[in-house]
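Read the structure below first, then the notes.
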Amino acid sequence: MKVHSEPAWMQSLPNLLTGLRVVLTPVIVCLMLWDGVFSNQLAAIFFGVAAISDVLDGFFARRHGSGTQLGIFFDLVGDKLLVAAVLIAAVELRWIPGWVVVGFVGREMFVMGMRSYAGAQGVTVSAGHLGKMKMMWQYIAIGGLLWDRAPMIWVLVLFAFVLTIVSGIHYLITISRELQTRPAPDVPDPI
């Protein structure tokens, strides 16, 4: 039986999709800050493309077995960069208050820090269902906010905010339980 090898571009497709998301981030922010007739709606469309690229890069990486540690890291950074940049621009435009962005971005920094520390201790914590659901609702809420600032969009933003905080607490509990069974690392004495 002959084995068909996949083309090289198929192996690198997940990273190309993540790269697309990174490249679209400043385009979306520029469209948000530009006071054009349909610039916000165009930003929302590009944001939707970026969000779909997030779903597709993981799908193709799993399907073709082309996932790498660097690709996983690149994907995480691409997601966080997109969300943080758009939310910071939204504060600049006075679409949302700063405390909302602090909650969203603070949670991401906290979880990334916890996952990095856990990884250094030999504990791997992958994204669970709650984290994936949080990301989906963030994309929906932020896409809606880009399109229009109707009151219903605020309900979506607040729902995504609560889900973000709850999933952050869930990560803290999960990682803490895993680390409790491990011996404390050697820490040098402070100077």
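All but one of (1) assigned to a helix (DSSP H, G or I); (2) on the phi > 0 side of the Ramachandran plot hold for residue 140; which doesn't?
(2)
What are the pairs with Cβ atoms under 8 angstrom where one residue, in the stretch 26-52, is outside any helix (DSSP H, G or I) and the other, located anywhere, is not acidic (Asp, Glu)? Sequence gap at least six, or different chains.
Note: pairs meeting the criteria are 36/42.
Would you point out the residue of the stretch 113-127, among those that are among the hydrophobic types (A, V, I, L, M, F, W, C) and surrounded by 15 or more Cβ atoms within 10 Å (Cβ to Cβ), that is nearest to the chain's Cα centre (by Cα)?
127
Which ones in the stretch 128-143 are of a type in the set (Gly, Ala, Ser), farther than 26 Å from residue 34 by Cα and crowded, with 17+ Cβ neighbours inside 10 Å?
131
One residue is enough: does the stretch 159-182 have a residue meeting the conditions more than 22 Å from residue 112 (Cβ to Cβ), within 19 Å of the chain's Cα centre (by Cα), at pLDDT 90 or above and part of a helix (DSSP H, G or I)?
Checking the stretch 159-182: at least one residue is more than 22 Å from residue 112 (Cβ to Cβ), within 19 Å of the chain's Cα centre (by Cα), at pLDDT 90 or above and part of a helix (DSSP H, G or I).
I'd like the full set of residues that are more than 17 Å from residue 134 (Cβ to Cβ) and exposed (fewer than 13 other Cβ atoms within 10 Å of the Cβ), limited to the stretch 144-169.
Within the stretch 144-169, 148, 150, 151, 152 meet the criteria.
Out of the stretch 82-124, which residues are assigned to a helix (DSSP H, G or I), aliphatic (A, V, I, L, M), at pLDDT below 95 and farther than 17 Å from residue 135 by Cα?
Across the stretch 82-124, the qualifying residues are 114, 118, 120.
Please identify the pairs in which a residue from the stretch 83-106 that is touching a residue at least 40 places away in the same chain (Cβ under 8 Å) has its Cβ atom under 8 Å from the Cβ atom of a residue that is assigned to a loop (DSSP other than H, G, I, E, B) and surrounded by 18 or more Cβ atoms within 10 Å (Cβ to Cβ), counting only partners at least 6 apart or on another chain.
From residues that are touching a residue at least 40 places away in the same chain (Cβ under 8 Å), the pairs are 87/96; 90/96.
The values are calculated or read from the model by the stated rules, or taken from the named source; none is laboratory data. Remember, predicted model here, so these are calculated numbers, not experimental data. So basically every Cβ, Gly included, is an ideal-geometry build from the backbone, and we count neighbours across all protein chains shown.
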